[in-house]
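Report on one structure; see the data block that follows.
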Amino acid sequence: MKLGIIGLSQSGKSTVFEALTKSKSAITHKGEDRISTIKVPDSRIDILSEMYQPQKTIYAQVEYFLPGTGSTKINQTKEQSVWTAIRECDALIHVIRNPTGTGFDKTTPYEDFRNLEQELILADLIVVEKRLERIELDHKRGKKTDPREHTLLIECRKSLENEIPLRRSAELTSARELKGFTLLSAKPMLVLFNNDEENNGMPEVNSLTDRENCQVIRGKLEQELAQMSTDEAAEFLKEFDISESAMNRVIRGSYDILGLISFFTIGKDEVRAWTIKIGTQALDAAEVIHSDIKKGFIRAEILPYDDLMEAGTYADARKKGTVRLEGKTYEVRDGDIINFRFNV
């Protein structure tokens with residue numbers, strides 16, 4: 001899972017990236033792309049690891065990408081390689097500047113959101129119109145075209161011309177025929193309002209919070225927190241009366257906007273979280289671990305995490321009847337502990 005960090009100039013994109021990834025400030029590498037993979041915090045994995053004391057504990061992971069141009073323009077030809085990389089991301093994090101303390105210029109968070117949103121929409125409209133022109137040209141030349149693709153692109157154009165991002169339409173975002181276009185406004189988005197240290201409130205943004213996944217962070221504070229030791233961070237959180245780092249919420253939010261869940265495998269050798277889409281069936285979840293498990297799939301032994309916690313041990317959960325066998329079409333749920341039975 002890869003998320004691209006976007007935002008207008010001075011919005012705090014680098015600060016957010018460094019807070020999320022616990023990386024050092026890259027003053028000497030200014031202008032370069034930055035990418036980092038980090039673990040998704042999950043207290044369930046922490047507890048399972050304490051129970052089983054495995055040789056390895058492996059969390060789900062998320063990758064953050066920060067383009068290095070500093071440009072706010074999506075469709076500038078000289079920055080094509082950067083925005084191609086953004087197009088390859090699975091989702092977007094839109095950082096919006098919102099300091100309100102003494103000494104800061106007046107902020108316009110809603111207008112800032114709309115400005116960059118319109119850039120995304122315009123970039124997509126250019127792609128859609130070019131493809132429609134090509135389809136119509138091929139049709140005139142007698143070449144076979146896909147009527148379904150044409151219909152979907154017409155719907156895209158209608159939405160974009162009305163300044164409606166494509167992520168508003170489940171039909172358009174899920175359409176197989178449109179996947180290859182990697183349309184920017186179709187990507188799931190998490191909006192981050194980057195507040196100053198003294199302010200943890202949501203800004204006045206009309207009804208934006210009803211339409212978008214929005215969170216507030218205090219970027220500079222979180223950046224400092226990310227560079228501290230565990231003990232220093234705990235003291236820091238206590239001093240500022242913070243129950244949890246906002247960055248943990250952002251990371252989990254990144255996971256959520258993509259419709260992802262985790263199932264677990266447990267044992268003395270390894271406790272591990274595996275990432276799948278909501279609605280994934282047991283047979284396909286098996287393939288995430290190894291193609292041979294899918295090929296030789298017999299049954300999936302399922303124990304929900306909460307049932308294990310209630311029982312205390314796997315053996316006690318089995319006695320209570322909460323461990324069950326499921327077939328290929330079972331829809332895996334978040335927190336399922338699975339032991340796949342297979343024969344190759």
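The values are calculated or read from the model by the stated rules, or taken from the named source; none is laboratory data. Keep in mind it's a predicted model, so treat the numbers as computed, not measured. Note that we place each Cβ from the backbone using ideal geometry, even for glycine, and neighbour counts take in every protein chain shown.
Answer with yes or no whether S36 is assigned to a strand (DSSP E or B) and under 21 Å from the mean Cα position of the chain (by Cα).
yes
Could you give every pair whose Cβ atoms fall below 8 Å, whose first residue belongs to the range 238-265 and is touching a residue at least 24 places away in the same chain (Cβ under 8 Å) and among the β-branched types (V, I, T), and whose second residue is surrounded by fewer than 20 Cβ atoms within 10 Å (Cβ to Cβ) and in a helix (DSSP H, G or I), counting only separations of at least 6 or pairs across chains?
T265/I289
Go through the range 1-26 and count every residue that is under 18 Å from the mean Cα position of the chain (by Cα), within 21 Å of L120 (Cα to Cα) and either part of a loop (DSSP other than H, G, I, E, B) or among the charged types (D, E, K, R) (or both).
4
Looking at the range 1-53, which of the residues that are basic (K, R) and touching a residue at least 24 places away in the same chain (Cβ under 8 Å) is nearest to F113 (Cα to Cα)?
If we take residues in the range 1-53 being basic (K, R) and touching a residue at least 24 places away in the same chain (Cβ under 8 Å), then K13 is nearest to F113 (Cα to Cα).
If S243 satisfies all but one of (1) in a loop (DSSP other than H, G, I, E, B); (2) touching a strand residue (DSSP E or B) at 6+ places or on another chain (Cβ under 7 Å), what's the number of the condition it fails?
(2)
Take K179 and decide whether it is surrounded by 11 or more Cβ atoms within 10 Å (Cβ to Cβ), at pLDDT below 95 and over 30 Å from E222 (Cα atoms).
Judged against the criteria, K179 is a match.
Kindly indicate which of I302, I293 is crowded, with 19+ Cβ neighbours inside 10 Å, without any contact (Cβ under 8 Å) to a residue 60 or more places away in the chain and more than 11 Å from V332 (Cβ to Cβ).
Matching residue, one of I302, I293: I293.
Looking at I93, I86 in this structure, which one is modelled with pLDDT of 95 or more, closer than 15 Å to K13 by Cβ and β-branched (V, I, T)?
Of the residues listed, the single one that is modelled with pLDDT of 95 or more, closer than 15 Å to K13 by Cβ and β-branched (V, I, T) is I93.
Being acidic (D, E) and either assigned to a helix (DSSP H, G or I) or without any contact (Cβ under 8 Å) to a residue 12 or more places away in the chain (or both) is the filter here; which residues of the range 135-149 pass it? Explain how you work it out, then say what you get.
First pass over the range 135-149, keeping only residues acidic (D, E): 136, 138, 146, 149.
Those that are acidic (D, E) and either assigned to a helix (DSSP H, G or I) or without any contact (Cβ under 8 Å) to a residue 12 or more places away in the chain (or both): E136, D138, E149.
If I filter the range 310-332 down to residues being surrounded by 13 or more Cβ atoms within 10 Å (Cβ to Cβ) and under 28 Å from the mean Cα position of the chain (by Cα), which single residue comes out as farthest from F264 (Cα to Cα)?
For the range 310-332, the residue satisfying everything is K328.
Out of the residues in the range 185-203 meeting the condition of being within 15 Å of the chain's Cα centre (by Cα) and of a type outside the set (S, T, N, Q), tell me which one is surrounded by the fewest Cβ atoms within 10 Å (Cβ to Cβ).
That would be P188.
Can you pull out the residues in the range 237-272 that are small (G, A, S) and within 30 Å of D284 (Cα to Cα)?
Once the filter is applied, which keeps residues that are small (G, A, S) and within 30 Å of D284 (Cα to Cα), the range 237-272 yields G253, S254, G259, S262, G267.
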